[in-house]
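Beneath this line is the structure, given in structure tokens, with notes to follow.
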Amino acid sequence: VSTDESGLPCYKVAATSQVPASSKYSTINADFGFNGATLAAGSSSSFQFEFTNSISGSTIHAAIIADTFCDDTNSNSQVKDGVTNAIGPVVVSAALATITKEVESEVAVADKNNGAATLNYCLRADLYDDSDSTFSVGAKKVDLQLDIAYETEIDFSITNIQTSEFVASSASASATRSVGIKVFRESCASGCEIVDGDASGCFAGENKTAIGDVLTLCLDAEDADVDLTGIESAMVNAADYSSAIVVFAEGGSAGTDNFVTTTSVASGQVTLETLLIPAYYDALGGGAGGSLEVSGTVLLSYVASSGRRLGRELQDGNQVQDASPFSLSIPVENPTVIPKVAEVGSGNSASGFSVVTA
């Protein structure tokens, strides 16, 4: 505390800033992931797997879920402590979630007598932001297969572990535009313009979308004498799941971004960034045959001094604000399983297995 010239106390307050969640999670696919499956320490009949996270202010919830959920023709289930019907416990951890499982009791007697068995598990981890855990901001799903060899009914070991992680396959986009509004992926200056009939150019091949990506859209007016001043509201719909990424406040004013979304205005253009959360893909059954529908209302400001109409009559010299809708559809195809085939180990000891991570 210090005093000013009049002798009154002056207080210095440290400035703080909050990183937008869409920026915070811009590298989520690198910072949050599956860290592999191995034999549990000192055991040839138990395995363990790990998910890791290096994003501060977020927490992993990981579990083994029903193996049918690793088939994306089925609906998916987010993992959350106290909510999900996981097989066994849900492990909650900020940086490292480790689960160990004993498999002996799950092998059928007939397989034991045959001398070999194969078990399959589906592993899933969801990442939740500590400030708002209403939905998962990231998810990893792994199909795990164990090969087990028996010498006797009680003398056995896990000889091989294979894992396959689910990733998004190719995706494309088409769009409808309201009159006077252009939509680009990434940048208005150098990005790919999304127009009717463009079913592949903006989101195909290496440009496909995936869980954990930040979708960036730039909106611009077709007319040079119209500026965009903000987004009144915006929504992402995936089948029966909807997320208001920009929440409507009142007509004619910019809405409120949800915590995984950021909007910004510069040079009469509006940029919208939103994290593609797992709930979208879960609602589409993993992405099979569905699409993400992004829609909203952008605010306009007509700055010319003529008598033309923009929604209502303009007064000469006035700056009158109005709004116009926009929408686009991003088809999402079935996820592709990327297999990582492990070499079959020899013998029945802990040194005789091979581990592959996705």
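Could you sort 295, 164 by their accessible area in this structure, using a 1.4 Å probe and putting the largest first?
Numbers: 295 40, 164 20 Å².
Largest accessible area first, the residues go 295, 164.
When each of the peptides 97-109, 261-273 is scored by the mean number of other C-beta atoms lying within 10 Å of its residues, the order from highest to lowest reads 261-273, 97-109. Estimated at the nearest 10 Å², the accessible area of residue 129 is 10 Å² with a 1.4 Å probe.
Hey, could you get me the Stokes-Einstein D for the stretch 236-303, Kirkwood radius over alpha-carbon pairs, 20 °C and 1.002 mPa s, rounded to whole µm² s⁻¹? Before the final figure, lay out each step's value.
Details: Rh = 13.5 Å.
The estimated diffusion coefficient comes to 159 µm²/s.
The values are calculated or read from the model by the stated rules, or taken from the named source; none is laboratory data. If you're wondering where the values come from, they're calculated on a predicted model, not measured in any experiment. Cβ coordinates were reconstructed from backbone atoms using ideal geometry, including for glycine residues, and neighbour counts include every protein chain displayed. Remember, those area values only see protein heavy atoms, side chains included, never the ligands or the DNA or RNA. Shrake-Rupley method; radii C 1.70, N 1.55, O 1.52, S 1.80 Å.
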